[in-house]
Amino acid sequence: MLNNIGLPGLLLIAVVVLVLFGRGKISSLMGEVGKGITAFKKGVNDGTKELEEDLAEEAKDVTPADDKDKV
């Protein structure tokens, strides 16, 4: 059903949405969407960084305590 919507159809939908909601409401909505995307990306980056730090901490020293004195 949605496969045959072309550029004119999308433009018509955009105009109808603009008329119904107004420019200010759409602008604020897009601002909130942008903030949500930014927060999501920050959360993913923080989670990845935390996992990398945990893995690096585990891999730092694997020498048994008895062998540390020998070196």
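What follows is calculated from the coordinates using simple rules that are stated; it is not laboratory data. Remember, it's a predicted structure, so these values are computed and weren't measured experimentally. So basically every Cβ, Gly included, is an ideal-geometry build from the backbone, and we count neighbours across all protein chains shown.
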Open item on the list: Of V16, L51, F40, which is farthest towards the positive pole of the range 1-58's charge dipole, taken about the Cα centre with +1 and -1 on the beta-carbons of Lys, Arg and Asp, Glu respectively?
Closed with: V16
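How much length, in nm to one decimal, is gained on full extension between L12 and K35, taken as 0.36 nm per residue of separation minus their Cα-Cα distance? Provide the component values of the computation, followed by the final result.
On the way: separation 23, 0.36 × 23 = 8.28 nm, distance 2.74 nm.
So the chain would gain 5.5 nm between L12 and K35.
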